[in-house]
Amino acid sequence: MLLKNLSIIFFISSIGFTQQDYKPWVKFEREGNAKTLQLSKIQYPGDSQIDVTYYKLDLTITYNPNNLIGAVTVNAKVNTLPIANFFLDLQDNMNVDSILLNEAGTTFNHINNKVTIDLDSTYSQNEAFSVVIYYHGVPGTSGLGSFKFDTHGNGEPIISTLSQPYGASEWWPCKDIPEDKADSADIWITVDQSMIPVSNGVIQEIIVNGDGTHTYKWKEKYSIAQYLISMAITNYFQYDTYYHYSPTDSMIITHYNYPERFDDNRQALLDETATMMEVFSNYYGEYPFLDERYGHAEFNFGGAMEHQTCSSMGFYGQGVIAHELAHQWFGDMITCKDWHHIWLNEGFATYSEGVYYEAIGGQSAYDQFILNEMSFAKQAQGTIYVQDISNIGEIFNGYRSYAKGGIVLHMLRGVVGDSAFFDILRAYAADPELVYNVATTEDFQRVAERVYRQSLDYFFEEWIYGENYPRYNVSWYRTPVSDSTYQIDLDITQEINSNPSFFTMPIQIKVNTELNDTTITLFNNVQSQNFEFDVLGNPRSIVFDPANWILKDVLGNPGTEIFPVPIEYSLDQNFPNPFNSSTIIRIQLPQDEFVTLKIFNILGEELATRVNENMEAGRHEVVLNAASLGGLSSGVYFYRIVAGSFVDTKKMILLK
């Protein structure tokens with residue numbers, strides 16, 4: 001799912017287009033805790049005593065007056081010890097008229113947003129039963145807008161749903177928890193004939209009822225989580241494209257658009273969906289609902305939602321189309337078991353945007369995408385694992401669940417390498433325990449370690465269950481070993497973090513020498529660690545993590561190159577010299593020192609103190625502006641450094 005921020009625009013130069021940034025946290029920041037408070041009545045729902053196997057929603061919906069009349073069939077079996085009753089989640093705004101249990105009436109009560117249903121006897125573990133709940137009312141709109149009656153264009157009605165995370169029970173009785181996916185579902189929708197009702201799966205039948213209404217019977221034969229069952233209903237204009245998955249076979253992609261918004265630009269974006277599907281199928285395995293369909297249905301929302309086989313779209317752009325399509329693998333086929341692990345949905349879909357940009361725009365497009373996501377990920381607070389799943393803002397925190405979740409996959413790619421990384425994603429999407437099922441972080445870790453054949457416990461522990469990111473201090477020295485070989489003595493120190501106290505990561509170091517460049521990988525697993533290694537040629541500088549695989553800060557090094565710590569004190573000749581308006585003075589310190597740098601005239605009179613402070617070991621540049629010296633005339637001047645016991649003076653010439 002994506003929410004939209006219209007105020008931020010970034011440019012991916014290699015692709016050559018401007019993309020709106022639809023990051024989700026802006027909406028929550030603007031709206032405060034209003035939606036969170038609406039969810040305060042909900043504790044994590046779902047009756048663990050039952051296992052739902054099938055849903056059938058038979059709904060009649062009217063607009064003006066707004067109303068829903070429903071008959072929902074729930075097939076289930078007992079999941080635990082023998083039970084005499086069970087409950088389904090249904091918000092109190094809906095009115096239950098009657099309930100059938102195995103085709104016979106039964107007693108029930110509807111209170112505190114739960115419908116507790118009495119069984120006709122005590123049912124044992126694995127014993128199956130079926131109930132039909134007859135109900136009516138005006139659905140609620142908590143959460144992200146669970147059920148909305150709205151308009152578009154010139155007052156055309158639009159009725160739509162977005163049930164994530166706890167909104168399904170606003171409009172139909174269900175087990176409102178992603179862990180318990182139904183094996184299949186039917187969604188029958190009866191509405192006025194002027195409107196087209198769109199839902200999941202494929203249309204099996206359209207019935208004209210003879211009273212000005214028609215009924216669309218949608219069938220989703222794959223397992224589906226309750227929050228992914230959806231409706232979008234209006235006077236759609238349907239535009240079809242096709243995904244050709246073999247030379248002789250294709251799958252339809254149905255795009256349901258507001259008629260007034262469909263134009264050439266929209267059509268071009270929709271045509272690109274098939275290209276995205278080809279890219280993701282190559283990387284993740286074939287589209288998981290190939291014998292049904294994919295599509296989009298426009299609705300009134302400031303973002304988009306990955307409803308299974310038909311994403312609901314509040315706006316269109318390359319990134320959002322790719323994001324929602326990627327969810328069909330990660331979120332729909334494999335669904336996070338609970339909202340603690342929402343990064344398995346949103347982090348994967350966010351990262352998939354970068355996968356697509358890389359496929360069509362190359363390395364530079366991917367790198368730019370990662371830079372943008374890292375800037376958001378650095379603002380994440382707390383663990384990616386969601387601690388408070390009663391808070392919608394915590395679940396859908398864009399800095400954590402989306403941006404940092406996506407960057408975790410980027411970092412995993414850096415740890416295991418390209419080939420193993422995409423093997424991991426394909427294996428995850430095909431794992432027999434997870435396919436069309438649910439997953440936790442530990443499930444993904446299990447697959448990753450099986451493919452990589454090494455433990456990744458440190459990685460998942462610090463990045464999913466830890467907080468923040470590493471902040472490195474890096475310094476290095478060089479010592480000649482022979483005429484052509486030098487030893488590098490490299491110190492890497494991390495600032496103390498809260499959890500973990502420091503980060504364990506493999507780190508690439510690019511060494512630039514007078515002969516060539518070489519990159520080595522060091523495994524940094526100590527808070528303060530020293531490495532020694534030899535290189536061929538005199539090393540001029542190093543680049544820490546040159547490919548930007550790690551979410552990090554390198555302190556005291558604003559540029560990419562890190563120069564060696566000097567082995568001796570030195571004061572360089574200013575440059576340029578002579579100078580006019582300004583000149584640069586370079587200082588090298590082999591250790592931390594208190595430094596003064598003063599300016600004198602030819603008579604030895606002190607004119608100014610330019611530096612008077614503690615300075616760290618390393619190379620420093622001091623910019624000297626003539627104007628700051630009080631309007632000196634052309635002539636010869638001197639600058640002198642005092643650093644500990646080191647004292648040196650050099651001459652400079654000012655020409656006006």
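Is there any pair linking a residue in region 496-523 that is more than 15 Å from Val554 (Cβ to Cβ) and free of Cβ contacts under 8 Å to residues at least 12 places away in the same chain to one that is buried (at least 17 other Cβ atoms within 10 Å of the Cβ) and of a type in the set (A, V, I, L, M, F, W, C), with Cβ under 8 Å and at least six apart or on different chains, and which?
The qualifying pairs are Asp517/Val511.
Please go through (1) in contact with a helix residue (DSSP H, G or I) (Cβ under 6 Å, 6 or more places away or on another chain); (2) under 22 Å from Tyr569 (Cα atoms) for Phe638 and return the number of the only condition it doesn't satisfy.
(1)
Consider Ala448 against the criteria (1) without any contact (Cβ under 8 Å) to a residue 60 or more places away in the chain; (2) assigned to a strand (DSSP E or B); (3) not basic (Lys, Arg): it satisfies all of them except one. Which criterion is unmet?
(2)
Identify the single condition in (1) surrounded by fewer than 19 Cβ atoms within 10 Å (Cβ to Cβ); (2) modelled with pLDDT under 95 that Glu442 does not satisfy, given that it satisfies every other one.
Of everything listed in (1) surrounded by fewer than 19 Cβ atoms within 10 Å (Cβ to Cβ); (2) modelled with pLDDT under 95, Glu442 misses just condition (2).
Could you please find all residues in region 182-234 being among the small types (Gly, Ala, Ser), in contact (Cβ under 8 Å) with a residue 60 or more places away in the chain and either closer than 17 Å to Pro288 by Cα or part of a loop (DSSP other than H, G, I, E, B) (or both)?
Of everything in region 182-234, those that are among the small types (Gly, Ala, Ser), in contact (Cβ under 8 Å) with a residue 60 or more places away in the chain and either closer than 17 Å to Pro288 by Cα or part of a loop (DSSP other than H, G, I, E, B) (or both) turn out to be Ala182, Ser184, Ala185, Ser199, Gly201, Ser223, Ala225, Ser230.
Are there strands (runs of 3 or more DSSP E) fully within region 69-130 with at least 1 residues that are in contact (Cβ under 8 Å) with a residue 40 or more places away in the chain? List them.
83-89, 94-101, 114-123
Can you tell me which residue within region 237-251, out of those that are over 31 Å from the mean Cα position of the chain (by Cα) and of a type in the set (Ser, Thr, Tyr), is farthest from Tyr436 (Cα to Cα)?
Thr248
Okay, residues lined up against (1) under 27 Å from Thr440 (Cβ atoms); (2) surrounded by fewer than 23 Cβ atoms within 10 Å (Cβ to Cβ); (3) among the hydroxyl-bearing types (Ser, Thr, Tyr); (4) not assigned by TED's automatic domain parsing to the domain that holds Phe147:
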{"position": "Thr248", "(1), (2), (3), (4)": "no, yes, yes, yes"}
{"position": "Met305", "(1), (2), (3), (4)": "yes, no, no, yes"}
{"position": "His323", "(1), (2), (3), (4)": "yes, no, no, yes"}
{"position": "Thr335", "(1), (2), (3), (4)": "yes, no, yes, yes"}
{"position": "Trp343", "(1), (2), (3), (4)": "yes, no, no, yes"}
{"position": "Ala359", "(1), (2), (3), (4)": "no, yes, no, yes"}
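Please state which one of Ser364, Ser401 is in a helix (DSSP H, G or I), under 22 Å from Leu228 (Cβ atoms), of a type in the set (S, T, N, Q) and outside the structural domain of Ile507 (by TED's automatic domain parsing).
So the residue among Ser364, Ser401 that is in a helix (DSSP H, G or I), under 22 Å from Leu228 (Cβ atoms), of a type in the set (S, T, N, Q) and outside the structural domain of Ile507 (by TED's automatic domain parsing) is Ser401.
Which residues, counting only those in region 551-581, are within 29 Å of Ser375 (Cα to Cα), not in a loop (DSSP other than H, G, I, E, B) and not hydrophobic (A, V, I, L, M, F, W, C)?
Of everything in region 551-581, those that are within 29 Å of Ser375 (Cα to Cα), not in a loop (DSSP other than H, G, I, E, B) and not hydrophobic (A, V, I, L, M, F, W, C) turn out to be Asp553, Glu561.
Scan region 211-220 and tell me whether some residue there is more than 20 Å from Met277 (Cβ to Cβ) and surrounded by fewer than 17 Cβ atoms within 10 Å (Cβ to Cβ).
yes
I'm checking my understanding of the structure. Among residues of region 570-619 that are without any contact (Cβ under 8 Å) to a residue 12 or more places away in the chain and closer than 14 Å to Leu632 by Cβ, which one is surrounded by the fewest Cβ atoms within 10 Å (Cβ to Cβ)?
By that ranking, first place goes to Leu603.
Quick test of your reading of the structure: Ser194 fulfils all but one of (1) out of contact with any Cys (no Cβ under 7 Å at 6 or more places or on another chain); (2) closer than 25 Å to Ser142 by Cβ; (3) not β-branched (Val, Ile, Thr). Name the failing condition by number.
The number of the failed condition is (2).
The values are calculated or read from the model by the stated rules, or taken from the named source; none is laboratory data. Owing to the predicted nature of the structure, the values given are computational and were not obtained by experimental measurement. We place every Cβ from the backbone using ideal geometry, glycine too, and count neighbours over all the protein chains shown.
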